[in-house]
Every structure is written in C-alpha cells, then in structure tokens.
Amino acid sequence: MTRNTVGSRFDAGAQYLAGALREGTGTETFDVVDPSDGSLVQRVRLASTADVDDAVAAARAAFPAWSNATPGTRSDALTRLAGILAERADDFARVESAQTGKPIKLSTEFDVPGTIDNTAFFAGAARNLEGKATGEFSGDHTSSIRREPIGVVGSISPWNYPLQMAGWKILPAIAAGNTIVLKPAELTPLTSLMFAQACTDAGIPDGVVNVVTGAGRTAGEHLVSHPDVSMVSFTGSTGVGKRVGELAVQSVKRTHLELGGKAPFVVFDDADLDAAVNGAVAAALINTGQDCTAATRAYVQRPLYDAFVAGVAELFEQVRLGDPFNPQTDLGPLVSFRQRDSVAGFVERARGYGATIAAGGYAPEKGHDGTDLTLGAYYRPTLITGIAQDAEVVQSEIFGPVLVVLPFDSDEQGLRLANDTPYGLAASAWTRDVYRSLRATREIKAGCVWVNDHIPIISEMPHGGYKASGYGKDMSQYSLDEYTQVKHVMQDITAVARKDWHRTIFGDREQ
Ligand code: NAD
C-alpha cells in the first residue's frame, strides 16, 4: 500500500486561514515525520503570532453571519461535510496513518468513520438546542432562555487522534454558531488542515474554521491569551492544561479542558475471565496505548489474578507489530522516537525498582511482515507486575503500550485502588453480579465507567473527565451546550409604571 500520499497538497503552506491554505510566517519549520521509518511526510513552516492574529481576525469577521445563520443552514452544511468526509475517507485514513504511524486498519475502521459519524450527529444536534420552558415564573413577567454562541473559540488539540480531535473541537463549536481557530499538535497537523478544507468545500463560509500550525509555547499561548478569543477548548496533558487554564483565566475566558488519564480496569472474581483478558489486551493497546482512556492499571481480585496475568501475557506476545500500511499489522510505532524513549524510560525505572516485566519491555527489531522495526519508534506490548500502588508506573500517565496489573482482595479495596490516582477520565468494571456493577459505577470517580467492556465511544454520549482529567464534555448534546452561553430574558407583562417591588425604594408613598 502506498505510504505517503500527501503529495503536493500543502505546497501553498500549512496554515488554513479564511478558506485557503497559506504559508506560515514563523521563523521555524517543523518536519512531520512517519514514525514507522523516520521518513519525512511534510515540512511545515510554523505559524508566527501574527498568523494567529490573522486567523483570529478571520474568525471574528465570520462570526456575525455564521452566528445568525439559521440552525437549519448550519445543519445542512454539516450534512454536506459528512458526505465529503465519507467520499475522502480513504485519503484521510492514509494521511492519518502516515503522520501518526497508527495501523491503517485503525484509521480506516475507527478514526475516520468516528469523525464522519460525529459530523452527522452534530448536523442533527445543531437543530436541537434545548432550554427551560418559557413561563411567567414571577407572575408579572415572561421569562425565556436564549442559548447563544460564545464567539471565537481557540482550540488546541493533541497528536494521538488528530482527525478525531479536530472533529471533537470544531463540530460542536460551529454547530452552535461559533467560529474557531484550531491549533493542532505540531507532530500531526495534516488531517486537521484537510478537515478545514473539507469544511470550505461543504460550503461553510470562509473564516468559520481556521487552522494554525504552530508551536505550543508561541502560537498556542498567543491563541489562548488573545483578547478576541472568547472561549478556550483544550485537549492534551494535565500539565499543559494547567498552563492553558492559567492564561485563559487572565481574560476570564470560558475554558474546556480535556486532560490526561490513567484508566483502571477492575476485574472482580465472578468476571468472565476470557472476556476480561481479551478486553484488557485490546483496551491497553489501542492506538499503541496512546489513548487517554486506554486501560493502564488492571486490578484483579486474587482468585483470578494468576490466570489473568498469564492470559494477557500470552496475547501480548501474539500482537503483530509491523508496517502500519500492512492491513495485517495490529500495532504501529509510538508517535515519535521521543515518545518511545519516554515509554521505555518508565519501564526501565520500574524494572530498576524490582518490578516483573511479564511481557515485552523492549524495542523489537523485526516485524511480523519482515519490516525493519529499528528504523521506527516501536515498542513491544509490555506487561508489568509485582509493583506497588504508589509506583510511578501505577500513578503517572505513560501513554504507550504498557499495562500494569495488581491484585486486590475485598471489593472495597479494589474500588479504593481504582480511585487512587489524580486522574478520573475513564474506568471499567468486570463482573456478572448486578450489585457489584451498580456499586462500581457509582463509586468510581471517572467521567465514563464501562461494565464488561472498555474503550467504545459514541457520538450521542459525552466524553470528559473528573479530577485532574479536567472538565468539559466532548461529543453529545452536552458538548453543544458547552459551546453556548445562556441568556435569561425577562419581560414585564403588566405595563404598570410603579411595580410592587418598587416599595423597597419608594416605601408606601403614592406615585
Ligand atoms: P500536550 O499537552 O503536550 O500537547 C497538547 C497540545 O498543546 C499540542 O497542540 C501542543 O502544541 C499544545 N501546547 C503545548 N504547550 C503549550 C502551551 N504552553 N500553551 C498552549 N498550548 C500548548 O499533549 P500531547 O502530548 O499532544 O497529547 C497527549 C496528552 O493528551 C495525554 O496527556 C492525553 O491523555 C491527553 N488527551 C486527552 C484526551 C481527553 O479527551 N481527555 C484526549 C486525547 C489526549
């Protein structure tokens, strides 16, 4: 399968402003690299702060007309967008795999269809803003609610699911009538730019969707602090999220922060062991573990512990690493050599503390298809046991194909350990006992709790965190609500000049 299909499409530049690609005016360039072999995919001239100003100005200019367009008009445009994305699905999948290294079967079966479905969902949701019923709550006034767009949204996205993250940020924002400037991660800007181009081709007016490809510290911080940006929506690590929040609060912007995760996977002793083992392998390794909801800490009740570890270790060994463009490849490289080295560092430190590496724990040399994996940022699926709850690999986000397994005895202990990290994005409970399931779903502090599965997401339901995983919901009607502000309109219906409540000022004097 052809690897790099980017071709000459970004010759005009990798900034998308007011409906067209153009060259950045920053002093630095950035090489977007295929992490499976280190080859250059696209050299990009990064955005300067002046480019960010231009993008915000374009978004600001487009706001009055777009925010006043009828919901039906916005919905129609998003419906056309869903159709265009479907026509270009193969192209999107290939470029996504080239810039991230993710297996083509993942791009084709998950990233691209997920984004198309999300687009179709927001096409419908655009016509379904909800609010309280209008009424005469005081008796003397008619009160009604307006749900209005906020203005220019400044969004910043990570590199793990670049296309899906572009969709999660752009779609609810524009469905609600806002305009947007998105800054994708430096490593993976290309499908966000293609998404913006598709928006234009769908008839979404110039300036409604803009993409600046720039560095976090310069373009990102400038965008977040910009006085003409009214809302900041960020997905990324908790550390950078805190910085973004600090900057945004200086100008009292609305913030939406989707941050890191360290999802627990709790297996009770009545669970279907086979389902739990298969589920853990798939949920730990999806997207080479670079998934904020990936299963990272399995807590297994003592009677099942040994069999669970043996089962996962066996399946980890069977996972096929190789060329991401080979449809048989299960696992690609990490997104970059830096990320691979970071993952390897966590594993080495755990090894140094005496942990057992029950599978993996090294960078492999040959792929299942003969690919020379030493050219890429590959790392074998790694299973770690024999480690304490306060160990770094249990507490910190690794963001790689690494699963840690710990035993527990009582149900209370299992649920307490599941909650014992700063994060709270997602979790799963594995049991056939309805009472255990209800207790786990109530007691686990996370924005999503699965029962007997781990990973699936759907456009109709929200995704977002508790605790240090941030706040704000992506997808679903909840996210649409976040990109609107609520206005109460209260109209007098008495036509009386001196109202009853004026007594607080005028006392009992006659008018
Ligand atoms: P990151 O925090 O390093 O970068 C995210 C984005 O922030 C990038 O676009 C980057 O350029 C930008 N950035 C960096 N420094 C900045 C600054 N000072 N000001 C403004 N912007 C800045 O995260 P990453 O490494 O790209 O992605 C991985 C992280 O994203 C993980 O922690 C993962 O859990 C998280 N994530 C969360 C969700 C979620 O929905 N909660 C989804 C996907 C990824």
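The values are calculated or read from the model by the stated rules, or taken from the named source; none is laboratory data. All of these numbers come straight from a predicted model, not from anything done at the bench. For neighbour counting, all protein chains shown are included, and Cβ atoms are generated from backbone atoms with ideal geometry for every residue, glycine included.
Annotations for the structure displayed:
- Any hit, the stretch 127-137, residues being touching a residue at least 24 places away in the same chain (Cβ under 8 Å) and over 29 Å from the mean Cα position of the chain (by Cα): yes
- In the set (1) outside any helix (DSSP H, G or I); (2) within 11 Å of the ligand (Cβ to nearest atom); (3) crowded, with 24+ Cβ neighbours inside 10 Å, residue 185 fails one condition alone, (3).
- Meets criteria (on the phi > 0 side of the Ramachandran plot, within 16 Å of the ligand (Cβ to nearest atom), outside the structural domain of residue 238 (by TED's automatic domain parsing) and not in a strand (DSSP E or B)) for residue 346: no
- Hits in the stretch 428-442 - residues which are surrounded by fewer than 16 Cβ atoms within 10 Å (Cβ to Cβ), charged (D, E, K, R) and without any contact (Cβ under 8 Å) to a residue 40 or more places away in the chain: 442
- Members of the stretch 226-273 found to be polar (S, T, N, Q), within 15 Å of the ligand (Cβ to nearest atom) and within 23 Å of residue 481 (Cα to Cα), listed by number: 233, 235, 251, 255
- Of the residues in the stretch 94-104, not one is more than 24 Å from residue 186 (Cβ to Cβ) and outside any strand (DSSP E or B).
- Among residues of the stretch 287-316, those that are more than 16 Å from the ligand (Cβ to nearest atom) and either of a type in the set (Phe, Trp, Tyr) or out of contact with any Gly (no Cβ under 8 Å at 6 or more places or on another chain) (or both), counted: 18
- Scanning the stretch 460-490 for residues that are in a loop (DSSP other than H, G, I, E, B) and either surrounded by fewer than 22 Cβ atoms within 10 Å (Cβ to Cβ) or touching a Gly at 6+ places or on another chain (Cβ under 6 Å) (or both) turns up 460, 461, 462, 464, 465, 468, 469, 472, 473.
- Residue check, residue 457 β-branched (Val, Ile, Thr), out of contact with any helix residue (DSSP H, G or I) (no Cβ under 7 Å at 6 or more places or on another chain) and buried (at least 16 other Cβ atoms within 10 Å of the Cβ): yes
- Criterion: more than 16 Å from the ligand (Cβ to nearest atom), touching a residue at least 24 places away in the same chain (Cβ under 8 Å) and not assigned by TED's automatic domain parsing to the domain that holds residue 176 - qualifying residue of 493, 505, 457: 493
- Filter result for residue 163 (crowded, with 16+ Cβ neighbours inside 10 Å, touching an Asp or Glu at 6+ places or on another chain (Cβ under 6 Å), modelled with pLDDT of 95 or more and assigned to a helix (DSSP H, G or I)): yes
- Residue list for the stretch 5-24, filter: surrounded by fewer than 18 Cβ atoms within 10 Å (Cβ to Cβ) and not hydrophobic (A, V, I, L, M, F, W, C): 5, 7, 8, 9, 11, 22, 23
- Scanning the stretch 380-404 for residues that are part of a loop (DSSP other than H, G, I, E, B) and more than 16 Å from the ligand (Cβ to nearest atom), we see that the one that is surrounded by the fewest Cβ atoms within 10 Å (Cβ to Cβ) is 390.
- Sub-9 Å Cβ pairs linking a first residue in the stretch 205-222 that is more than 11 Å from the ligand (Cβ to nearest atom) to a second residue that is modelled with pLDDT under 95 and not hydroxyl-bearing (Ser, Thr, Tyr), at least 6 apart or interchain, number zero.
- Note on the stretch 142-160: among residues that are surrounded by fewer than 24 Cβ atoms within 10 Å (Cβ to Cβ) and within 16 Å of the ligand (Cβ to nearest atom), the one that is farthest from residue 463 (Cα to Cα) is 159.
- Any hit, the stretch 443-450, residues being away from the ligand (no atom under 16 Å from the Cβ) and touching a Lys or Arg at 6+ places or on another chain (Cβ under 7 Å): no
- From the list 79, 73, 27, 2, the lone residue that is surrounded by fewer than 18 Cβ atoms within 10 Å (Cβ to Cβ), modelled with pLDDT under 95 and either farther than 18 Å from residue 161 by Cα or not assigned by TED's automatic domain parsing to the domain that holds residue 229 (or both) is 2.
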